[in-house]
Ligand code: F6R
């Protein structure tokens, strides 16, 4: 989850590292630091608690000097609190390194290498530096041999960028599970935890292979296997441009990404339509995958899991097979009832979420075919799944997921439609109608974006409260889960999503005039039931905001405020509703003057357990 960048080449390294870290900050923002070779080939270290802006100030305040090689890190604390000492880079003997991931056996390593009392920090990363230094000295200061022996000692996950004091101008990188990408460009050689740090310099990059060592010099990037044979990396091309990773006039990435959803949906859906029907030929996803499954197991975390909950509510009644949704961090320690006839769908924006990855491996070990719905091209989940369906949202920078959620839904809806067709649940005409209705959801989303000022006005009723409820039934309940998560994570207002019919089994005790309720009622067959539940909370004094379709008939006094979405088919209301829920969370965070894009304690891309 930490941001990593390394650079060696003709440009001023410190500026490049700081700019790169600013772009990577969404991966973690507790503290930041850089290490670089100065003009006398000495390694200098600057690090601080706080954001990259604080680090920039410290670096700017130093004496004028040029540097052409360095590494930088922005941290999301795992081992050890948020302190200057725990910030990266860490120096031990001849080694200076930055680390993303967790070294699980750091305790044993501390003992084995007698590091107790010699460490400045509480981090597993400094222990790793101590171990690598010991290896470096033991093998006659040969970086490749030292790194090979070092990795044999480690258990856990890691992405390391390493400087050796007697190797100015060189950076070494190695990884297991934690992501690293690298590139050689006209402006020098770069390595980073993700593409946003490289895109200003190149469109061509490669994913650092696991169990390989990368050596970066100003003139080349070389990859070696653990027997030191050269390996040719597989270069890929970025399919989005620099603009996609900038705010482009929006005050926050989150608002920009909310606005980008209609376009992201088109990019995800339209290339996969043939004769008006979803077609995955270009994605190399064969129909037999959909024909043979006798059940579906969806696995994901957080927002991606909520997309899975919506898909379950859609798929099960249509396909008439059991569809289960599991939280990846639970699934990976269960004894799941899956086999080769279970279609496992994993969903991940980043493609690097460690729990989702581990759950996927478990499913694969049970011979279940895995279809991954992933946004980041070349990510670990995309590479290790059996089939991959890329969503085309472009980079999502705000920590709170918005556009990734709607494109995940679009992909899942298309899979559902294709499955219904190949399993004889849909005729071609019905599949075409489904796809048409999916596309109708795009203008409905645009319409809700157009209502953002009205939604902003409603949020004044939430921002001074401590608790809220999101209620709904069926699909609307699945939407509520995501609405509550979004509000919690960026506005810090406690929000609970509840199946509307379940409230009176205890929870309604919490409803009062200080607990606003956001009621979602877009499903015609249960509309009246949800409205009854709205009456119940209203009778207990709640301020109710009702989200319903334009044509839904309801007495004016039922709710204190209403947001109406366009009249589209019930199965597709999630798309405009998602926009409303995202805007509620966004304006609540803005109204409370919080850091919308980088909320406290969180980070994008959860690569630790
Ligand atoms: C919430 C959010 C997270 C992610 C979750 C999974 O706004 O972004 O809940 O959805 O951490 O991440 P991915 O999709 O990258 O696997």
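The values are calculated or read from the model by the stated rules, or taken from the named source; none is laboratory data. This is a predicted model, so every value here is computed, not measured. As a convention, Cβ positions derive from the backbone with ideal geometry for all residues, glycine included, and neighbour counts pool all protein chains shown.
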Selected residue (only one of 265, 255, 289 is within 18 Å of the chain's Cα centre (by Cα), closer than 27 Å to residue 315 by Cα and assigned to a helix (DSSP H, G or I)): 265
Those residues of region 358-380 which are within 13 Å of the chain's Cα centre (by Cα) and modelled with pLDDT of 95 or more, in sequence order: 373, 374, 375
Residue 601 being on the phi > 0 side of the Ramachandran plot, surrounded by fewer than 17 Cβ atoms within 10 Å (Cβ to Cβ), within 16 Å of the ligand (Cβ to nearest atom) and part of a loop (DSSP other than H, G, I, E, B): yes
Test: residue in region 104-122 that is touching a strand residue (DSSP E or B) at 6+ places or on another chain (Cβ under 6 Å), touching a residue at least 12 places away in the same chain (Cβ under 8 Å) and surrounded by fewer than 23 Cβ atoms within 10 Å (Cβ to Cβ): yes
Qualifying residue in region 406-422 (condition: near the ligand (Cβ under 10 Å from one of its atoms) and surrounded by 19 or more Cβ atoms within 10 Å (Cβ to Cβ)): yes
Positions within region 358-369 being touching a helix residue (DSSP H, G or I) at 6+ places or on another chain (Cβ under 8 Å) and over 24 Å from residue 156 (Cα atoms), in sequence order: 369
All strands (runs of 3 or more DSSP E) inside region 142-229 with 1 or more residues being more than 22 Å from residue 75 (Cα to Cα) and in contact with a strand residue (DSSP E or B) (Cβ under 9 Å, 6 or more places away or on another chain): 181-185, 188-192, 204-207, 212-216, 221-225
Residue ranges of strands (runs of 3 or more DSSP E) in region 1-83 with at least 2 members on the phi < 0 side of the Ramachandran plot and buried (at least 24 other Cβ atoms within 10 Å of the Cβ): 3-8, 31-37, 69-75
Only one of 351, 378 that is under 21 Å from residue 236 (Cβ atoms), more than 13 Å from the ligand (Cβ to nearest atom) and part of a loop (DSSP other than H, G, I, E, B): 378
Within region 495-514, tally of residues that are assigned to a strand (DSSP E or B) and either within 16 Å of the ligand (Cβ to nearest atom) or at pLDDT below 95 (or both): 2
Residue list for region 186-224, filter: surrounded by fewer than 21 Cβ atoms within 10 Å (Cβ to Cβ) and more than 27 Å from the chain's Cα centre (by Cα): 186, 187, 215, 217, 218, 219, 220, 222, 223, 224
The listed residue being within 16 Å of the ligand (Cβ to nearest atom) and surrounded by fewer than 21 Cβ atoms within 10 Å (Cβ to Cβ), out of 358, 304, 300: 358
